[in-house]
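What follows is one structure encoded as structure tokens, with my remarks underneath.
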Amino acid sequence: MSGFKVTRKEDKEDNSWVETYADAITLLMAFFVVLLSMSTMNKKKYEYMVEVIHKGMNQSVVTIEAPTEQDGKTEEIRSFVKQPVPALSEMSYLNTLADVTYDITHDGATLTFPDTVLFVPNSARLRDDARPKIASTIEHLKDVDPYYFDIIIEAHINKDFRFSRKAYRSKWEFTAARSIALREALEQGGIDEKILSVVSYADIRPVEKPDPTAGPEVNRRMVIRIKQKL
């Protein structure tokens, strides 16, 4: 019986679809390029995006070029993590605000005043001699960028604090009145009302890790919190 040889012909892979796929991707890219060329750059959102990205990367300073909306030129943006306000040690009015405590927080900064520096004892009325201190604080707060930060006024007292029950029904109403009084003073001094808000804490948030030698009055305080917007 004579043998015979079978020759197997290998099937060639059909790659013709690649050309169609490449054409589709090219057209899609061109479409997005056209959309981008027709769009308007929101400079503020661009800056915020850059800042958030670099904050996550733990970079303290970044220099980047961004297009402006007016004339297409570029300007240098320097930021993040930028301080919302200068440190008090650099301020000329530090002596005026000798009783203030300034702290940098993870989302901004705080200015803390003993309540007697700003208010008449056991009252929600601002002291007459507190006006220069408030005016100096307002000049300090004018450095805060309202696009990135809010200013929150907090009022705190200690548990045994005494106030007029005839004028205020509760400790909450009393601390709310103090917060509102300070807020109105800041607004009258030129701080944008849109970034000002008030909080009444009464006695529920005492100072964390206070000085062991400090008395209960350490909890009687007003806090101006400069907080980064989400």
Could you tell me whether any residue of region 159-176 is assigned by TED's automatic domain parsing to the domain that holds Thr105, without any contact (Cβ under 8 Å) to a residue 40 or more places away in the chain, in a helix (DSSP H, G or I) and over 18 Å from Asp115 (Cβ atoms)? no
Just a yes or no: is a residue in region 197-217 over 16 Å from the mean Cα position of the chain (by Cα), surrounded by fewer than 19 Cβ atoms within 10 Å (Cβ to Cβ), without any contact (Cβ under 8 Å) to a residue 12 or more places away in the chain and on the phi > 0 side of the Ramachandran plot? yes
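Residues checked against (1) at positive phi; (2) out of contact with any Ser or Thr (no Cβ under 9 Å at 6 or more places or on another chain); (3) buried (at least 20 other Cβ atoms within 10 Å of the Cβ):
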| residue | (1), (2), (3) |
| --- | --- |
| Leu111 | no, no, yes |
| Thr116 | no, yes, no |
| Val120 | no, yes, no |
| Asp128 | no, yes, no |
| Asp143 | no, yes, no |
| Asp150 | no, no, no |
| Ile153 | no, no, yes |
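The values are calculated or read from the model by the stated rules, or taken from the named source; none is laboratory data. Not measured: the values here are computed from a predicted model. Using ideal geometry, Cβ is built from the backbone for each residue, glycine included, and neighbour counts are taken over all protein chains shown.
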